[in-house]
1. Apply the Karplus curve 6.51 cos²θ - 1.76 cosθ + 1.60, θ = phi - 60°, to the phi angles in segment 208-222 and return the couplings in whole Hz, x for Gly and Pro.
2. Running a GNM on the chain with Cα contacts under 10 Å, which residue among ALA152, ALA64, ALA97 ends up with the highest mean-square fluctuation?
3. If you add up the charges near THR183, with Lys and Arg at +1 and Asp and Glu at -1, over every other residue whose beta carbon is less than 12 angstrom from its beta carbon, what do you get?
4. Rounded to the nearest 500, what is the 222 nm mean residue ellipticity of the chain from helices alone, with -39500 (n - 2.57) per DSSP H run of 4+ residues and division by all residues?
5. What's log10 of I(q)/I(0) for segment 14-248 at q = 0.12 Å⁻¹, Debye sum over Cα points only, no solvent?
6. Which order results if GLU131, GLU228, GLU247 are arranged by neighbouring Cβ count within 10 Å, fewest first?
7. List MET248, MET24, MET220 from most exposed to least, where exposure is judged by having the fewest other Cβ atoms within 10 Å.
8. Grab the other residues whose beta carbon is less than 11 angstrom from that of GLY31, score K and R as +1, D and E as -1, and report the net.
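Every number in this text was worked out from the coordinates using simple rules, so none of it is lab data. Since the structure is predicted, the reported quantities are computational estimates derived from the model, not experimental observations. Cβ sites come from the backbone with ideal geometry, for glycine too, and all protein chains shown count toward neighbours.
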Amino acid sequence: MAVDSVPAGRLGQPGVVWGWFFGMVLVFLAGIVLSPHPYADPRFVVDFVTTELIVTALLVASLALFPAAAVGLRAPVVARGRWLAPAVILSVVAFAAWVAARRALPPDAGFDTQASWLVLRTTALVGVNEEWIFRGVLLAAFARWWGLRRGAFAALFMFGSFHLLNMAAGVPPVLAVVQLCSTFLLGSTFLLVALGSRSLVPAMILHGFYDFAVVDINRMIAAGAPGEFSLGVMVCGALCGVWSLVEMARLKPADPFAGR
């Protein structure tokens, strides 16, 4: 399939794409630096909703530069069934771990269930925004510049490197590098489901829910739930990521979001 089969807008102009991307990075960095809470505090996630809303507004405005269809903002279809499998497994495991952790809470834990909705509010926006940026605009641009396979791996590297910003919130450099590697793997599962469905929508949903499950399970662990639930989700994410990387290594030249 030809790489120009979907109207590209400004995706073919590296100066526009990079300028737009680093502008987004500055917004995120400002939100991190201005947060009154450390990164490990759940209140950091809850309060970060303001930054995410600003980013969402900027992304909507950027549709003037990067057309919706070209960056995967379209109804999903099943184009590659096997590419959806890692995402399905990861979502099932994350949901099962979240339910199990909730049931394992001590009766007197005093867990704040209302705060879970506030966490979900933020992570839902995280899923929308980060998928739009990395699996949407950057993947679509890089695929046009360098081909789909190299573009996909470059978009993954950018996604992983983006999480180095967490050092501005007090994350130690060694842990930030671990986050880079783990998000590189996780991002491959999100990327593969976006390619398999020709849409960002499933990746946005999976990303938002996965982040919610991880944050909320960690809150439950702090309230007395067993720690192995978090470990299980992370191990599953890594294994699904490796599976997805193997599939990505076989990618052929194509427009990421063209075709029905």
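1. Karplus values, whole Hz, x for Gly and Pro: x, 6, 4, 4, 4, 4, 5, 5, 6, 4, 5, 5, 5, 4, 5.
2. Answer for the Gaussian network model of the chain: ALA64.
3. Details: positive: none; negative: GLU130, ASP211.
Residues close to THR183 contribute a combined charge of -2.
4. Numbers: 10 runs with 172 residues, N = 260.
After summing the helix terms and dividing by residue count, I get -22000 deg cm²/dmol.
5. Result of the Debye calculation: -0.65.
6. Values: GLU131 29, GLU228 14, GLU247 19.
Ascending Cβ contact count within 10 Å gives the list GLU228, GLU247, GLU131.
7. On the way: MET248 18, MET24 21, MET220 25.
Final ranking by Cβ density, sparse to dense: MET248, MET24, MET220.
8. Values: positive: none; negative: ASP47, GLU52.
Local charge sum for GLY31: -2.
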